[in-house]
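What follows is a set of notes on a single structure, which appears directly below.
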Amino acid sequence: MIQPWKKINSRPGGDFRIFSVRWDEKVSPRTGQAHEFVILDSLDWVNVVAVTPDQKLVMVEQYRHGSNSVELEIPGGLLDSAQETPLAAGLRELREETGYAGEPAEVLTEQWPNPAYQSNRCFTVLAQQCTLQHPVEWDHAEDLLTRLVPVDEVPNLIESGRIRHSVIIAALYRFELWRRRQPMR
């Protein structure tokens, strides 16, 4: 049976605004040997599956510096603090990035984006009956274009490579599972 590894030491490695690095030394329960691991700590983040009354997803196009590409994604971002709830953060990010708002809203899932070396979680929020209600409030480094995409086109967009962000694909899959459990429309 797989056992947790005991942490025997931890030291900071640097703070880089959206994440910090630490070095954890842990002992293997199988071998008893110590090993050092790099861990990235960050606040949790949230993605929002926002659905309009006519079954379109509120999506955003934005330039991503890591991939040097423009990506089609769902709205999202970091929680502002450890005290902000994922639901509140999701609705805030939706409003700020797109101007849309909607109810009812719920957290669909919590997942580990990369548990090998990241300690944060990513929540997927579903907001229904979304309509344009506010002006956008982009951060100083954001440049977004809102796109309304029919829900039924999402599988083709993923298959064609138009949607490529793995955490976004996971959120959209979780939304599809939620849809399958809903009463016939």
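Considering each residue of the range 110-126, count those that are open to solvent by less than 30 Å² (accessible area, probe 1.4 Å) and under 14 Å from ARG174 (Cβ atoms), and give that number.
5
Would you point out the residue of the range 65-80, among those that are within 18 Å of LEU157 (Cα to Cα) and of a type in the set (A, V, I, L, M, F, W, C), that is surrounded by the most Cβ atoms within 10 Å (Cβ to Cβ)?
If we take residues in the range 65-80 being within 18 Å of LEU157 (Cα to Cα) and of a type in the set (A, V, I, L, M, F, W, C), then ILE74 is surrounded by the most Cβ atoms within 10 Å (Cβ to Cβ).
Scan LEU57, LEU40, LEU91 and give me the residue that is touching a residue at least 40 places away in the same chain (Cβ under 8 Å), in contact with a helix residue (DSSP H, G or I) (Cβ under 7 Å, 6 or more places away or on another chain) and either assigned to a strand (DSSP E or B) or crowded, with 19+ Cβ neighbours inside 10 Å (or both).
The conditions single out LEU57.
Can you tell me which residue among ARG22, ARG30 is touching a strand residue (DSSP E or B) at 6+ places or on another chain (Cβ under 6 Å) and either farther than 21 Å from THR131 by Cα or of a type in the set (Phe, Trp, Tyr) (or both)?
Being touching a strand residue (DSSP E or B) at 6+ places or on another chain (Cβ under 6 Å) and either farther than 21 Å from THR131 by Cα or of a type in the set (Phe, Trp, Tyr) (or both) holds for just one of ARG22, ARG30, which is ARG22.
Checking the conditions here, which among GLN83, GLN62 is assigned to a loop (DSSP other than H, G, I, E, B) and either open to solvent by 20 Å² or more (accessible area, probe 1.4 Å) or out of contact with any Lys or Arg (no Cβ under 9 Å at 6 or more places or on another chain) (or both)?
Step by step, each of GLN83, GLN62 is checked, and only GLN83 is assigned to a loop (DSSP other than H, G, I, E, B) and either open to solvent by 20 Å² or more (accessible area, probe 1.4 Å) or out of contact with any Lys or Arg (no Cβ under 9 Å at 6 or more places or on another chain) (or both).
Among the residues of the range 160-178, count how many are within 17 Å of LYS56 (Cα to Cα) and either of a type in the set (Ser, Thr, Tyr) or touching a residue at least 24 places away in the same chain (Cβ under 8 Å) (or both).
Selection size over the range 160-178: 9.
Pick from the range 136-150 the residues that are of a type outside the set (Val, Ile, Thr) and assigned to a strand (DSSP E or B): which of them is modelled with the lowest pLDDT?
Top of the filtered list is LEU144.
Can you confirm whether ASN114 is part of a loop (DSSP other than H, G, I, E, B) and of a type in the set (S, T, N, Q)?
When the stated conditions are applied, ASN114 passes them.
This table checks each residue for (1) modelled with pLDDT under 95; (2) within 19 Å of SER42 (Cβ to Cβ).
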position: GLU84; (1), (2): no, yes
position: GLU106; (1), (2): no, no
position: GLN111; (1), (2): no, yes
position: TYR117; (1), (2): no, yes
position: ASP152; (1), (2): no, no
position: ASN156; (1), (2): no, no
position: ILE168; (1), (2): no, yes
position: PRO183; (1), (2): yes, no
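Considering the range 1-33 alone, what residues qualify as being part of a strand (DSSP E or B) and open to solvent by less than 50 Å² (accessible area, probe 1.4 Å)?
Selection gives GLY13, GLY14, SER20, VAL21, ASP24, VAL27.
Suppose the filter is without any contact (Cβ under 8 Å) to a residue 60 or more places away in the chain, open to solvent by 30 Å² or more (accessible area, probe 1.4 Å), touching a helix residue (DSSP H, G or I) at 6+ places or on another chain (Cβ under 9 Å) and at negative phi; does HIS134 pass it?
yes
The values are calculated or read from the model by the stated rules, or taken from the named source; none is laboratory data. Everything numeric here is computed off the predicted structure, so don't read it as measured data. A quick note on method: Cβ atoms are made from the backbone with ideal geometry, for glycine too, and the neighbour counts reach across all protein chains shown. Side chains are part of the model used for accessible areas, which takes the heavy atoms of the whole protein and leaves out ligands, DNA and RNA. Shrake-Rupley method; radii C 1.70, N 1.55, O 1.52, S 1.80 Å.
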